[in-house]
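Written below as structure tokens is the structure these notes are about.
The values are calculated or read from the model by the stated rules, or taken from the named source; none is laboratory data. Keep in mind it's a predicted model, so treat the numbers as computed, not measured. Cβ placement follows ideal geometry from the backbone for every residue including glycine, while neighbour counts extend to all protein chains displayed.
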Amino acid sequence: MGYPHRSHPKETPVLSKHFGDAQARTLEGWKQRGGYRALEQALGMTPADVVNVVKESGLRGRGGAGFPTGLKWSFMKPGDGKPHYLCVNADESEPGTFKDREIMRWTPHALIEGAAICAHAIGAETTYIYIRGEFTEPLRIMEAAVKEAYAAGILGANAMGKGPRIDVFVHRGAGAYICGEETALMNSIEGKRGNPRIKPPFPAAAGVFGQPTTINNVETLCAVPHILVNGAAWYKSLSLSSPKSTGTKLFSACGTIARPGNYEVTLGFPFKDFLYDLCGGPLPGRRLKAVIPGGSSVPIQTMEEAESTLMDYEGFVAKGTMLGSGGVIVFDDSVCMVRMIARLARFYAHESCAQCTQCREGTAWTTRILERIERGQGTMQDLDVLLELSENMTGKTICVLSDSCAAPIVSGIAKFKSEFEAHITGKKCPVSAAAA
Amino acid sequence: MSAHGTDAAEAYKPVFAGAVSGELDALLARYPTKMAALLPALWLVQRERGWVSPEAMVEVAERLGLTPAYVKGVVSFYTMYHTHPVGRHFIQVCTTSPCGACGAEKVVEAMLKHTGCGDLGATSPDGRFTVIEVECLGACGFATPVMVNDDFVESVTPDKVPQLLTQYK
């Protein structure tokens, strides 16, 4: 539902059904709403059967990459004699994205249940939920829920009285966007600087503590209990366009839009209806100008492109961008695109772990050049330099932070070039000049 | 501390004594390596002392079998550990693009004015506040989110700032 707004009739609330309902936070309240039935069911199945149900459902990762979840789980080989780990990525830091925060605030037991089912399926005795350090409220709520689950025997040495050991620990981050990258997150759990690792080896071969590890996003795991209870066929039937995109997805809407918040829709939903019906369209007297639909790391869309997009993994790619994390950032005609892109570049420059030259230097220099243009001190050659730098920042580094910085720069110059040129020829920001 | 420590260092009182030491032991049981308890240990230090001093880094290193240089390297990687003392109330205002489009800079201005801090990163003369800009707090639909110590405040606007600050003495 459209928390903090009332649910919109066009939404399909599955994960967000209990947002805003504080009773759902407690173990008792969660059980009254059907909680932990799926875990009980899963613990009565073989790990391979659980993996197969998730595979059949078509569920794909909700953190950004969209990798098939069941396939990822199948890379783990229970009984290989090694300790297995599950890492839950709750380091939600992608600008524009705030869905996992809401899941953890309102339905902490949904995450514990999904994680425990995954732990059983991949043979992991230990699960770490890595929550970004700034999420103080979700941290408190998750800690309390884990404690309740232990006290009730749901977690621990004999999970739900069914035999396996399932330990879940909450691990607090300490301020670093890059720790949302899966191998950086594992380094961070190990007590290291959050530098991404070169892959291969992939986490299923050598993840946290060098052992076989699965890492999933919060939202991905929360879909799993619903899949087990309602069946893979039900989940697969939730698809409005591409059969490769199944289920519901939470989209966070923010920026200059009438009703920011989280909205849950079936994949394939028309983006135009999302922006104008669910989110209420522009603020009074304004016109929407641009959208970054999948968190700040994906290419910017013009409204023309956005309004013809279908909201699934394939639909966003068909319109030149990506679904990413589902963080929809909307800009209206009062917003200076150069300023917004410069501020995003500054974000990436601040968050670069600095181990790759292209990223360390590229994010810093693009920020300086963009800020110079925004102040009215840029030249036309600066645009060429930005594009050249962006090319050197794409596909050349250990992780994709550098590529993410380049995406809004390249798409911004391509689609809003007149705004860049107006800053350069007019020697000032036309938007702030008009406001002054 | 070693025999070469300064007077101030000689007076250093360990963080990991009594109940806090027990908390660290409980954390160590969660991980297969001692090093993995580093971030949680540093959180305990900051909770107890308000910041992570060089002496505390030495103490953490000794407890976890690491070198002080290693601990400093990790501390400096993460933005939330304070490596110098800050005001009693540490204020972080999100100014990344989504909040920036919704007026976050005006919130920063109001914070700097009403706290008396004047500049970002500076502590007010009465030691009460320090204000910084922070990168995306992950609550973009509630622009502008602000953290005051561990309190997460949503939808802050410049006019709400004076009232908000009265809660922090």
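Among the residues making up region A:5-24, those that are surrounded by fewer than 19 Cβ atoms within 10 Å (Cβ to Cβ) and in a helix (DSSP H, G or I) are A:22, A:23.
If only residues of region A:35-45 that are over 26 Å from the mean Cα position of the chain (by Cα) and part of a loop (DSSP other than H, G, I, E, B) are counted, the one that is nearest to residue A:148 (Cα to Cα) is A:44. Pick from region A:176-192 the residues that are crowded, with 20+ Cβ neighbours inside 10 Å and charged (D, E, K, R): which of them is nearest to the other protein chains (Cβ to nearest Cβ)? Here the residue is A:181. When the residues of region B:10-38 are filtered to those that are of a type in the set (A, V, I, L, M) and in contact with a Gly (Cβ under 6 Å, 6 or more places away or on another chain), the one that is surrounded by the fewest Cβ atoms within 10 Å (Cβ to Cβ) is B:35.
Out of A:308, A:242, one residue alone is touching an Asp or Glu at 6+ places or on another chain (Cβ under 8 Å) and either touching a residue at least 24 places away in the same chain (Cβ under 8 Å) or surrounded by fewer than 18 Cβ atoms within 10 Å (Cβ to Cβ) (or both). It is A:242. Residue B:85 falls short on exactly one of the conditions (1) within 14 Å of chain A (Cβ to nearest Cβ); (2) surrounded by fewer than 20 Cβ atoms within 10 Å (Cβ to Cβ), and that condition is (1).
Of all the residues that make up region B:136-169, how many are in a strand (DSSP E or B) and in contact with a strand residue (DSSP E or B) (Cβ under 6 Å, 6 or more places away or on another chain)? Explain how you work it out, then say what you get.
The first filter runs over region B:136-169 and keeps only residues in a strand (DSSP E or B), leaving B:146-148, B:151-153.
Filter once more, keeping what is in contact with a strand residue (DSSP E or B) (Cβ under 6 Å, 6 or more places away or on another chain): B:146-148, B:153.
Total satisfying the criteria: 4.
Test residue B:106 against the criterion of being touching a helix residue (DSSP H, G or I) at 6+ places or on another chain (Cβ under 7 Å) and surrounded by fewer than 18 Cβ atoms within 10 Å (Cβ to Cβ), and give yes or no. Steps first, answer last, please.
Numbers: touching a helix residue (DSSP H, G or I) at 6+ places or on another chain (Cβ under 7 Å): yes; surrounded by fewer than 18 Cβ atoms within 10 Å (Cβ to Cβ): yes.
Answer is yes for this residue.
Residue B:133 meets the stated requirement of being among the charged types (D, E, K, R) and in a strand (DSSP E or B).
Residues in region B:118-156 that are within 14 Å of the chain's Cα centre (by Cα), within 13 Å of residue A:134 (Cβ to Cβ) and among the small types (Gly, Ala, Ser): there are none. Is it true that residue B:138 is without any contact (Cβ under 8 Å) to a residue 24 or more places away in the chain and either surrounded by 20 or more Cβ atoms within 10 Å (Cβ to Cβ) or in contact with a helix residue (DSSP H, G or I) (Cβ under 7 Å, 6 or more places away or on another chain) (or both)? Criteria met by residue B:138.
Here is a yes/no grid of residues against (1) part of a helix (DSSP H, G or I); (2) farther than 22 Å from residue A:317 by Cβ; (3) within 22 Å of the chain's Cα centre (by Cα):
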residue: A:358; (1), (2), (3): yes, yes, no
residue: A:362; (1), (2), (3): yes, yes, no
residue: A:366; (1), (2), (3): yes, yes, no
residue: A:370; (1), (2), (3): yes, yes, no
residue: A:383; (1), (2), (3): yes, yes, no
residue: A:394; (1), (2), (3): no, no, yes
residue: A:403; (1), (2), (3): yes, no, yes
residue: A:408; (1), (2), (3): yes, no, yes
residue: A:411; (1), (2), (3): yes, no, yes
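Only a single criterion out of (1) polar (S, T, N, Q); (2) within 14 Å of chain B (Cβ to nearest Cβ); (3) without any contact (Cβ under 8 Å) to a residue 60 or more places away in the chain is not satisfied by residue A:213, namely (3).
Residues checked against (1) closer than 23 Å to residue A:187 by Cβ; (2) at pLDDT 95 or above; (3) touching a Pro at 6+ places or on another chain (Cβ under 7 Å):
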{"site": "A:52", "(1), (2), (3)": "no, yes, no"}
{"site": "A:56", "(1), (2), (3)": "no, yes, no"}
{"site": "A:67", "(1), (2), (3)": "yes, yes, no"}
{"site": "A:82", "(1), (2), (3)": "yes, yes, yes"}
{"site": "A:87", "(1), (2), (3)": "yes, yes, no"}
{"site": "A:91", "(1), (2), (3)": "yes, yes, no"}
{"site": "A:95", "(1), (2), (3)": "yes, yes, yes"}
{"site": "A:102", "(1), (2), (3)": "no, yes, no"}
{"site": "A:113", "(1), (2), (3)": "no, yes, yes"}
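Conditions (1) within 21 Å of the chain's Cα centre (by Cα); (2) within 13 Å of chain B (Cβ to nearest Cβ), marked per residue:
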residue	(1), (2)
A:73	yes, no
A:82	no, yes
A:92	yes, yes
A:104	yes, yes
A:120	no, no
A:130	yes, yes
A:145	no, no
A:149	no, no
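Would you check if residue A:354 is modelled with pLDDT of 95 or more, more than 20 Å from residue A:63 (Cα to Cα), surrounded by fewer than 22 Cβ atoms within 10 Å (Cβ to Cβ) and more than 14 Å from every other protein chain (Cβ to nearest Cβ)? No. Here the condition is being part of a loop (DSSP other than H, G, I, E, B) and either small (Gly, Ala, Ser) or touching a residue at least 40 places away in the same chain (Cβ under 8 Å) (or both); of B:102, B:117, it holds for B:102 alone. Determine whether residue A:329 is in a strand (DSSP E or B), within 14 Å of chain B (Cβ to nearest Cβ) and buried (at least 20 other Cβ atoms within 10 Å of the Cβ). Yes; evaluated as a whole, the condition is true for this residue. One residue stands out among those in region B:47-62 that are surrounded by 19 or more Cβ atoms within 10 Å (Cβ to Cβ) and part of a helix (DSSP H, G or I): the one that is farthest from the other protein chains (Cβ to nearest Cβ), which is B:55.
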